[in-house]
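Student: First, the structure itself, so that you have it in front of you.
The values are calculated or read from the model by the stated rules, or taken from the named source; none is laboratory data. Since this is a predicted model, take the numbers as computed values, not measurements. Because the Cβ atoms are built from the backbone with ideal geometry, glycine has one as well, and the counts that use them run over all protein chains shown. These accessible areas exclude ligands, DNA and RNA; they are computed on the full protein's heavy atoms, side chains included. Shrake-Rupley method; radii C 1.70, N 1.55, O 1.52, S 1.80 Å.
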Amino acid sequence: MRKKIAIKFYKANRFKITRNMNFKFFPHTQEETQEMLNKIGVNSIQDLFAGIPEALRFKGEYDIPEAMSEIEIRNFFNKLANQNKLMTCFAGAGVYDHYAPSAIPQIVSRSEYLTSYTPYQAEISQGTLHYIFEFQSIIAELTNMDVANASLYDGSTATAEAMMVAAAISSKKKTVLYSKTLNPKIIDVLKTYAHFNGVNLVAIEEEEGITSKKDLETKMADGTVAGVIVQQPNYYGITEDFTGFADICHKNKALFIVNSVAADLSLLKTPGEWGADFAVGDVQSLGLPMAFGGPYAGYMSCTQKMMRKMPGRIVGQTKDSRGQRVFVLTLQAREQHIRRQKATSNICSNQSLMALYVTIYSAMMGKQGLKEATKMSFDGAHYLCEKMVATGKAKLAYSQPFFNEFLINIENRDTFYDKAIEKGILPGVKVGKNGLLIAVTEKRTKEEMEALIALL
């Protein structure tokens, strides 16, 4: 009986099935399209656009290449890809060439992870909610803060979101201070957010490559400051001493916000220890490939006092009716859950897949492994800096303690840079007229460093 019904269905619909198989992205047959046009009283598709003046309509032929076979398309993209020149990377400035164990992409590429979306329905999203919860736990521990959210788009936007929280808390204070030692790309994003949200963004001067505490105190004196943003390590790779910064902020009822490279917090003093209200930054350093600039993910954590002001998602742990451990979205202060005017943020891009990548990386490396990789980066940077300065052709820009990145001045910087590129080495990031910002990770070998030194 079922077989007969199936045959009848096939005969009745075979034309429609054939059409849809040939044009799977065109779901409607001509008959269905005409039926819809008749319903709205229009004769043809072109009549739908009758309101567009003829002068604005494109009359020429589209510049679309001829169709290719699969092998032709593969060859075409291989030729494009071969134009990319893979180099030994000493560039950093927020994006670092760390090694990620090969097991990570194998796990992340599983279909249940790669195609996962927003975990609105907790009962069918336990896997996604679980790994986000673990991600939050890792970030909270790294930053030494009470609560972390389910990641944000990237480190720059995470910093901007923290700025917005500071400005939103007070109806009278709309000034947010930022140190000039922040990464210029982060500053650009802060300025964009500030411009469209009525925030008065003011820079704190730098002295010898670090944030001027004196200038901070001066700018705090007028009583209009809602928050202060600093970076650790800063743009020049310098590890700053923020002793007393939190006290200055809190005395003036302003939030203290610290942006940090996530991996460096395995060895450095944490934002929590500095007395920060919010810790923000990018998690790219936790194994994410550089990937020509992304995708990455931002992290944000805060004190318990600030958790109801935190934007984005927060996954919590609870028990179901049977007493089993389960995970849910909690403190849902996004505009999808409450009235928009009461929402802390309407941000949706939480980069969950990247958060999973970071979670697996952190679990595989463990606390000790993460510390060892970070220590190797630190040691390598100091070895390379010492050797480059010893040649007499390079000079350290600032006499300050640095971590795994340092700024040096080279008299013929551009000549040296071009020479390195020719040898397949990306020697760093150009800063100013003669500066070169150089980063070392655990991937850089002694032989690679010696090759860079030899070019001086």
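Student: Taking region 399-430 as the region of interest, how many residues are out of contact with any strand residue (DSSP E or B) (no Cβ under 6 Å at 6 or more places or on another chain), of a type in the set (F, W, Y) and either farther than 17 Å from A93 by Cβ or surrounded by fewer than 21 Cβ atoms within 10 Å (Cβ to Cβ) (or both)?
Tutor: 1
Student: Return the residue satisfying two criteria in turn: it lies in region 204-222 and is among the hydrophobic types (A, V, I, L, M, F, W, C) and open to solvent by less than 30 Å² (accessible area, probe 1.4 Å), and of such residues it is modelled with the lowest pLDDT.
Tutor: Here is the first cut: in region 204-222, the residues among the hydrophobic types (A, V, I, L, M, F, W, C) are 204, 210, 216, 220-221.
Now restrict to residues that are open to solvent by less than 30 Å² (accessible area, probe 1.4 Å): 204, 216, 220.
Numbers: I204: 97, L216: 96, M220: 93.
Looking at residues that are among the hydrophobic types (A, V, I, L, M, F, W, C) and open to solvent by less than 30 Å² (accessible area, probe 1.4 Å), I get M220.
Student: Could you list, in sequence order, the residues of region 262-279 that are touching a strand residue (DSSP E or B) at 6+ places or on another chain (Cβ under 9 Å) and of a type in the set (S, T, Y)?
Tutor: Applying the first criterion (touching a strand residue (DSSP E or B) at 6+ places or on another chain (Cβ under 9 Å)) to region 262-279 yields 262, 264-265, 268-272, 274-279.
T270 - this is the single residue of region 262-279 that is touching a strand residue (DSSP E or B) at 6+ places or on another chain (Cβ under 9 Å) and of a type in the set (S, T, Y).
Student: Now a separate question. Find all pairs meeting these conditions: Cβ atoms under 7 angstrom apart; at least six residues apart or on different chains; first residue within region 262-275 and modelled with pLDDT of 95 or more; second residue hydroxyl-bearing (S, T, Y) and open to solvent by 20 Å² or more (accessible area, probe 1.4 Å).
Tutor: So the pair list comes out as L268/T239.
Student: Another one. Does any residue of region 100-109 turn out to be under 26 Å from E405 (Cβ atoms), free of Cβ contacts under 8 Å to residues at least 40 places away in the same chain and not in a helix (DSSP H, G or I)?
Tutor: Checked against the condition, which is being under 26 Å from E405 (Cβ atoms), free of Cβ contacts under 8 Å to residues at least 40 places away in the same chain and not in a helix (DSSP H, G or I), region 100-109 yields no hits at all.
Student: Next question. Report those strands (runs of 3 or more DSSP E) wholly inside region 148-251 carrying at least 3 residues which are within 17 Å of A279 (Cβ to Cβ) and under 27 Å from the mean Cα position of the chain (by Cα).
Tutor: Numbers: elements: 175-179, 200-204, 225-232.
In region 148-251, the matching strands (runs of 3 or more DSSP E) lie at 175-179, 225-232.
Residues are listed down the side, and each one gets a yes or a no for (1) closer than 30 Å to L255 by Cα; (2) aliphatic (A, V, I, L, M); (3) open to solvent by 50 Å² or more (accessible area, probe 1.4 Å):
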site	(1), (2), (3)
T88	no, no, no
S109	no, no, yes
Q126	no, no, yes
A150	yes, yes, no
A158	yes, yes, no
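Student: Residues that are open to solvent by 10 Å² or more (accessible area, probe 1.4 Å): list the strands (runs of 3 or more DSSP E) wholly contained in region 253-337 that include at least 1 such residues. If you could, list the steps in order and put the result at the bottom.
Tutor: Working: elements: 255-260, 278-282, 298-302, 314-319, 325-330.
Per the criteria, 255-260, 278-282, 314-319, 325-330.
Student: If you check V108 against the conditions, is it at pLDDT 95 or above and under 17 Å from Q351 (Cβ atoms)?
Tutor: Working: at pLDDT 95 or above: no; under 17 Å from Q351 (Cβ atoms): yes.
Against the criterion (at pLDDT 95 or above and under 17 Å from Q351 (Cβ atoms)), V108 does not qualify.
Student: Given (1) within 25 Å of the chain's Cα centre (by Cα); (2) modelled with pLDDT of 95 or more; (3) not small (G, A, S), where does F292 come up short, assuming only one miss?
Tutor: Every listed condition holds for F292 apart from (2).
Student: Still on this structure: Can you tell me which residue within region 374-420, out of those that are among the acidic types (D, E) and over 18 Å from L456 (Cβ atoms), is nearest to the chain's Cα centre (by Cα)?
Tutor: E405
Student: Further question: In region 390-397, is there at least one residue being of a type in the set (G, A, S) and within 24 Å of D241 (Cα to Cα)?
Tutor: yes
Student: Provide a single number: the residues in region 223-245 that are surrounded by fewer than 20 Cβ atoms within 10 Å (Cβ to Cβ) and of a type in the set (G, A, S).
Tutor: Residues in region 223-245 being surrounded by fewer than 20 Cβ atoms within 10 Å (Cβ to Cβ) and of a type in the set (G, A, S): 2 in total.
Student: Residues of region 26-83 being surrounded by 10 or more Cβ atoms within 10 Å (Cβ to Cβ) and among the β-branched types (V, I, T), which ones?
Tutor: T29, T33, V42, I45, I73
Student: Next up: Taking the stated definitions as given, is Y131 open to solvent by less than 50 Å² (accessible area, probe 1.4 Å) and of a type in the set (F, W, Y)? Let's see the steps before the verdict.
Tutor: On the way: open to solvent by less than 50 Å² (accessible area, probe 1.4 Å): yes; of a type in the set (F, W, Y): yes.
The answer is yes for Y131.
Student: On to the next question. Scanning for something in contact with a strand residue (DSSP E or B) (Cβ under 9 Å, 6 or more places away or on another chain) and farther than 30 Å from K85 by Cα, does region 280-289 turn up at least one residue?
Tutor: Taking every residue of region 280-289 in turn, at least one turns out to be in contact with a strand residue (DSSP E or B) (Cβ under 9 Å, 6 or more places away or on another chain) and farther than 30 Å from K85 by Cα.
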